[in-house]
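Take a look at the structure set out below.
The values are calculated or read from the model by the stated rules, or taken from the named source; none is laboratory data. In this text, all values refer to a predicted model and were calculated from it rather than measured experimentally. Here the Cβ positions follow ideal geometry from the backbone for every residue, glycine too, while neighbour counts run over all protein chains shown. The area values use the complete protein model at the heavy-atom level, side chains included, leaving out ligands, DNA and RNA. Shrake-Rupley method; radii C 1.70, N 1.55, O 1.52, S 1.80 Å.
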Amino acid sequence: MRNITFRQMRVFTAVARHQSFTRAARELHLTQPAVSQQMRLLEQEAGMPLIEQIGRRIRLAPAGVELLRYATQVTELLREAGESLAAMRGLKRGLLKLGAVSTAKYFAPALLSAFAPEYPEVTIKFTVANRGDIVRLLGANELDLVIMGRPPRELATTAEAFARHPHVIIAPPRHPLARRRRIPLEALERESFIIREEGSGTRASMEQMFRERGMSVRTSMEVSSNETIKQSVMAGMGLSFISSHTVGLEVEAGRIAILDVSGLPIVREWYVLRLREKVLPPIAAAFWSFLLQNGARIIEQTVGNSSAGKPADTERRAGRAASPRRTASRNSRK
């Protein structure tokens, strides 16, 4: 395949991404016949079909799936080379491809907002997803950096902690335990818990905590969203073990109580990580350094670091939240 051109690779990756000649042509500012011609030349060079067309639908043939892996690596390396050369010329431009687990979405925009003014010509591609999807994207080299709590064991990565990450147990404000102090963890074994999905870092921390005490978790519901967990707790469906970085507003409004449980909060750490063998583009390297220097402070300013609620405060806030007049006036190594 010595005669393949970069133009053909760009056309091929665009067709594979859009599964459409028309949309690929629009992205590349080419005519549809030009895209078709480049694909024919690429298939001739490959010696086998790269795409399969059934009616109007296009999908990759097995050879196309294999070639796409290499085409993606080629285009990514050229992007990184361009940004490195730009950095040598003193330019602050490029593309930052950042991924974050869903719990980090409560503070990651504040991190990006603080970083962006120094690099006004930088484009940021920010992906928020569950842990499994973020690990998959990182492994495919589709992300430069990732923010998560527990570095993945299935990938060879370089990771550095940059902020504390406390986890707490939450309940509805009217729950009897919300008025108690220094609750032994064993007292919660009879309670029903709303838990995160299998593979979640939050769930792994919760299971480890109970396992170390020789206890089991009584599960009432399993969900994949922190927002759904909070709404379910507020509705009285059970307790939950959750990042304190996700519940600041609800606690302040008196809609959720953080239980004062002995041994809690469980404090983990937030990590920024990359593939071990990856040479970071200059802008990604700059964001890495920015997180290590400023991440903890910005997170503290954005979502706070509260770790335990005070029963008296909880009752008072719950009373305020229940007031009709008040209601009407207001009507992400674990």
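Give me the compactness ratio for region 122-175, meaning the Cα radius of gyration over 2.2 N^0.38 Å.
That works out to 1.51 for region 122-175.
From the backbone phi of region 155-165, what are the Karplus-calculated ³J(HN,Hα) couplings (6.51 cos²θ - 1.76 cosθ + 1.60, θ = phi - 60°) in whole Hz, Gly and Pro given as x?
Values per residue, Gly and Pro as x: 10, 7, 10, 10, 9, 9, 6, 9, 7, 6, 9 Hz.
Only bridges whose two residues both fall in the chain count here: according to DSSP, what percent of them are antiparallel, nearest 5?
Percent antiparallel among DSSP bridges in the chain is about 55.
Work from the charge dipole of the chain (Cβ charges, +1 for Lys and Arg, -1 for Asp and Glu, about the Cα centre) and give the residue of Val15, Gln37, Phe241 farthest towards its positive end.
The residue sitting most towards the positive pole is Phe241.
With every protein chain kept in place and ligands, DNA and RNA left out, what is the accessible area per residue of region 107-232? Probe 1.4 Å, answer in Å².
With all protein chains present, region 107-232 gives 48 Å² per residue.
I need the calculated FRET efficiency for the pair Arg26 and Ser84, taking r as the beta carbon distance and R₀ as 30 Å, to the nearest 0.05.
0.50
Report the label-to-label distance for Arg59 and Gln301 in nanometres (one decimal), using points 7 Å from each Cα along the Cα→Cβ vector.
So the label points at Arg59 and Gln301 sit 5.0 nm apart.
Do any trypsin sites (Lys or Arg not before Pro) in region 112-195 lie in a DSSP loop with no more than 16 other beta carbon atoms within 10 Å, and if so, which?
Those satisfying the criteria are Arg153, Arg174, Arg180, Arg181, Arg182, Arg190.
What do you get when you divide the Cα radius of gyration of region 23-147 by 2.2 N^0.38 Å, with N the number of residues?
Dividing the Cα radius of gyration by 2.2 N^0.38 Å gives 1.33.
For a protection proxy built on the mean count of beta-carbon atoms within 10 angstrom, sort 282-289, 101-108 highest first, please.
101-108, 282-289
Step by step: find N for the chain, compute 2.2 N^0.38 Å, then divide the Cα radius of gyration by it. What's the final number?
Ratio of Cα Rg to 2.2 N^0.38 Å: 1.23.
Report the gain in length on full extension from Arg276 to Arg218: 0.36 nm times residue separation, minus Cα-Cα distance, nm rounded to one decimal.
Extra length available between Arg276 and Arg218 comes to 17.0 nm.
Please go through region 101-151 and write out the GluC sites (Glu not before Pro) that DSSP classes as loop and that have at most 16 other C-beta atoms within 10 Å.
Glu142
Tell me the volume per residue, in Å³, of the convex hull enclosing the alpha carbons of region 150-203.
Spread over its residues, the Cα hull of region 150-203 gives 133 Å³ apiece.
Carbon-plus-sulfur fraction of the accessible area of the chain, 1.4 Å probe, in percent?
49 percent
From the backbone phi of region 61-67, what are the Karplus-calculated ³J(HN,Hα) couplings (6.51 cos²θ - 1.76 cosθ + 1.60, θ = phi - 60°) in whole Hz, Gly and Pro given as x?
Couplings: 6, x, 5, x, 4, 5, 5 Hz.
Largest first and to the nearest Å, give the Cα extent of region 7-66 along each principal axis.
If we take the Cα atoms of region 7-66, the spans are 27, 23, 17 Å.
For region 1-65, what is the accessible area per residue in Å² when the probe is 1.4 Å?
So region 1-65 comes to 66 Å² accessible per residue, rounded to a whole number.
Using the beta-carbon distance between Glu269 and Gln44 and R0 = 51 Å, what value does 1/(1 + (r/R0)^6) give for FRET efficiency, to the nearest 0.05?
0.45
Rounded to the nearest 0.05, what FRET efficiency do Ile124 and Phe210 give with R0 = 35 Å and r taken as the Cβ-Cβ distance? Could you check?
Efficiency computed from Cβ-Cβ geometry: 0.35.
Could you state, as a whole-number percent, how many of the C-alpha pairs of region 173-254 are farther apart than 23 Å?
18 percent
Multiply the residue separation of Val74 and Arg153 by 0.36 nm, subtract the distance between their alpha-carbon atoms, and state the gained length in nm to one decimal.
25.8 nm
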